[in-house]
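What follows is a single structure, written as structure tokens, with notes after it.
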Amino acid sequence: MKYQTLSVVVPCYNEGPCVDLFLEAVNALPIAQTIEYVFVDDGSKDETWQVLQRLRGECESRFERVEMVTRENRGSCRTQLQLVGMARGEFVAIIASDDQYCPGALTAMMRPMEEDASVGVAVGENVFIDGDGNPCYWDAAQNAVRDEAQARYRTFNAFLAEHTGVGGGDAGFGRYEDLVRANHVPNGYLI
């Protein structure tokens, strides 16, 4: 089964500098499929909306559809529900505006879903980045560290596996019984 459009939906709240880095990374991604980007600024008090508007034209020149909406603050859950409702694609990728996709990640996550219709969610390995978009790690107290020798967690997936008992390679990953026990699906997932 081939998809028509991939919708990438992005909730934004008070992340002006991160949104700038996110959009720069988005516009640098190689385009291997038809993509739409939908952003909702959830009542940010900083320059988030201005950054989105500044980079709107560049996004519109690269992607099938770009929609950017601002509104009063309603919180994360309502914002994500609104974003999913606005998406037109067969597949929907949900990612926060302070995160980034690696080149090829979206295509790689779509592959198992195209090959097996029973797959309902896909997620990749989540590496840590700092506020400037540089790779880093977490120490035992979840502080960003640059030296891998000081790292307790090299990826967010490793952190989730330790704290939930379910890892990305486990048979229980994504099962309802395990999600009820603890949410172990990291950000940047595809449904």
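If you check V19, V84 for being open to solvent by 50 Å² or more (accessible area, probe 1.4 Å), aliphatic (A, V, I, L, M) and touching a residue at least 40 places away in the same chain (Cβ under 8 Å), only one passes: V84. Residues of the stretch 145-160 that are out of contact with any Gly (no Cβ under 7 Å at 6 or more places or on another chain), open to solvent by less than 70 Å² (accessible area, probe 1.4 Å) and in contact (Cβ under 8 Å) with a residue 12 or more places away in the chain: A151, Y153, T155, F156, F159, L160. Looking at this structure, is E125 more than 30 Å from T48 (Cβ to Cβ) and at pLDDT below 85? Judged against the criteria, E125 is not a match. Residues that are among the aliphatic types (A, V, I, L, M) number at least 3 in the following strands (runs of 3 or more DSSP E) confined to the stretch 52-138: 65-71, 91-94. The condition of being surrounded by 19 or more Cβ atoms within 10 Å (Cβ to Cβ) and modelled with pLDDT of 90 or more holds for only one of S76, S44, that being S44. When S97 is tested against (1) over 30 Å from R175 (Cβ atoms); (2) modelled with pLDDT of 85 or more, only condition (1) is not met. State yes or no: is V51 of a type in the set (A, V, I, L, M), crowded, with 18+ Cβ neighbours inside 10 Å and over 17 Å from the mean Cα position of the chain (by Cα)? Judged against the criteria, V51 is a match. V38 passes every criterion in (1) closer than 19 Å to I191 by Cα; (2) open to solvent by 10 Å² or more (accessible area, probe 1.4 Å) apart from (2).
The values are calculated or read from the model by the stated rules, or taken from the named source; none is laboratory data. From a predicted model like this one, the values you see are computed outputs, not experimental measurements. Please note: Cβ atoms are built from the backbone with ideal geometry, for glycine as well, and neighbour counts cover all protein chains shown. Ligands, DNA and RNA are excluded from the accessible area calculation, which covers all protein heavy atoms including side chains. Shrake-Rupley method; radii C 1.70, N 1.55, O 1.52, S 1.80 Å.
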